[in-house]
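Some notes on the structure that comes next.
The values are calculated or read from the model by the stated rules, or taken from the named source; none is laboratory data. Only a predicted model underlies this, so the values are computations on that prediction, with no experimental measurement involved. Reconstructed Cβ throughout: ideal geometry from the backbone, glycine too, with neighbour counts over all protein chains shown.
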Amino acid sequence: MNDHRDVLDLLVIPNMTEACLHKLFQAFKEPAAVKQATLPELSEAVGPEMARRIRQDPIASAVDHLLSVMTRLSIAIVPCYAPEYPAWLKAMDHFPPVLFMLGRITSADENALAIVGTRGATVYGKGVAAEFAAEFVRAGITVVSGMARGIDTAAHTSALKHGGRTIAILGCGLDIAYPPENRRLMAEIARHGCVISEFMVGTPPLAYNFPRRNRIIAGISRAIVAIEAKEQSGVMNTVNWAASQGKDVFAIPGNIYSKTSAGTNRLIKEGAMPVTSAAEVLESLGLPKARPDRTAPAAPQDDQERTVWEALSTDPVYLDELAERTGRPTAGLLQVLLSLEIKGLIRQLPGMMFVRDP
């Protein structure tokens, strides 16, 4: 935790930039050595003005607050010189000097594949995302996405449902669940993979954070699979980052009249590889085939989950009707439904309807 504090002491310095941090880590290797450096040594690395700021005492109360939040939430600071920092991420230009993590990265994640797509996904798009994620994890591949609504949520949920690893890259601090309804999903991802951000705790999900977030999605993944995207969207930004890093880009062809397919169809015109199955992606990258899925989920043992599951059948039930049947408020009910969906026991249909998954 002392190392955490040394890193935070640098991060809270006014106008401390990524470029300055990289220069400091390159010159002094770690924050403790930065704090012990002389003013001339610091000036040589980052200039006299920043050197003077580094030599000033940090705002102890601010650092204490950040440390308490991170300790309470089990958020780790992972600077780029630490062994836990994913080595393959450092292959890209402008890699983050510091990452914040919930969960952990493993060497098996080096072959991770990103599944990206629009927040306003169609039922078809979410189904494709779920199918591809399921086959990837059955092949031992980690699924990466941005935990946004739509395609991202479908990909993460399916990866967890099929017992695989998944990584979420956020555009805000890790003390903030965004979107809010994915709070339970975020906790599940942290338990069975990793949630990552380059943003300090307390940073809100501002629009200009997400292009920076997208470069990490591209950098941490071996390849990108675009399911649905509008022509001007964050998906296209992620693909541009991937292309600049020399990563393979795959795209799902879509309806030529659908706005949600305009971006992916354009990507295919511009050279992305069109695919219609996850097996094609795995074969193209020389990765192992997916193992057959022979597991059937057991009935829930948790009392709350069992009550909700027993109130469902193969006939669709609206959320409001399910709330009446179970006597539970919809907010709490949604958390239970997400848990059941992750376990493969139920499915959500359009219009907030739910059914048992046969």
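Things worth noting here:
- Cβ-Cβ under 8 Å pairs, at least 6 apart or on other chains, segment 244-264 side in a strand (DSSP E or B), far side surrounded by fewer than 19 Cβ atoms within 10 Å (Cβ to Cβ) and of a type in the set (S, T, Y): D248/S284; F250/S284
- Residue match in segment 131-139 (condition: out of contact with any Cys (no Cβ under 6 Å at 6 or more places or on another chain) and not in a helix (DSSP H, G or I)): yes
- Scope segment 205-232; condition part of a loop (DSSP other than H, G, I, E, B) and either over 18 Å from C194 (Cβ atoms) or not polar (S, T, N, Q) (or both); matching residues: P205, L206, A207, Y208, R222, I227, E228, A229, K230, E231, Q232
For (1) of a type in the set (D, E, K, R); (2) under 27 Å from the mean Cα position of the chain (by Cα); (3) part of a helix (DSSP H, G or I), each residue gets a yes or a no:
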position	(1), (2), (3)
D9	yes, yes, yes
Q26	no, no, yes
A32	no, no, yes
E44	yes, no, yes
M50	no, no, yes
R72	yes, yes, yes
E84	yes, yes, no
F100	no, yes, no
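- Tally of residues being in contact with a helix residue (DSSP H, G or I) (Cβ under 9 Å, 6 or more places away or on another chain) and either exposed (fewer than 15 other Cβ atoms within 10 Å of the Cβ) or at pLDDT 90 or above (or both) across segment 246-259: 9
- For V275, the criteria (1) crowded, with 24+ Cβ neighbours inside 10 Å; (2) over 20 Å from M147 (Cβ atoms) hold in every case but one, which is (1).
- Set side by side, the residues A177, A121, A155 differ, and just one is in the same structural domain as V201 (by TED's automatic domain parsing) and either within 21 Å of R215 (Cβ to Cβ) or not in a loop (DSSP other than H, G, I, E, B) (or both), which is A155.
- Qualifying residue in segment 348-358 (condition: out of contact with any Ser or Thr (no Cβ under 9 Å at 6 or more places or on another chain), assigned by TED's automatic domain parsing to the domain that holds V137 and surrounded by fewer than 13 Cβ atoms within 10 Å (Cβ to Cβ)): no
- The set of residues from segment 151-164 being free of Cβ contacts under 8 Å to residues at least 60 places away in the same chain and surrounded by fewer than 24 Cβ atoms within 10 Å (Cβ to Cβ) comprises just one member, G164.
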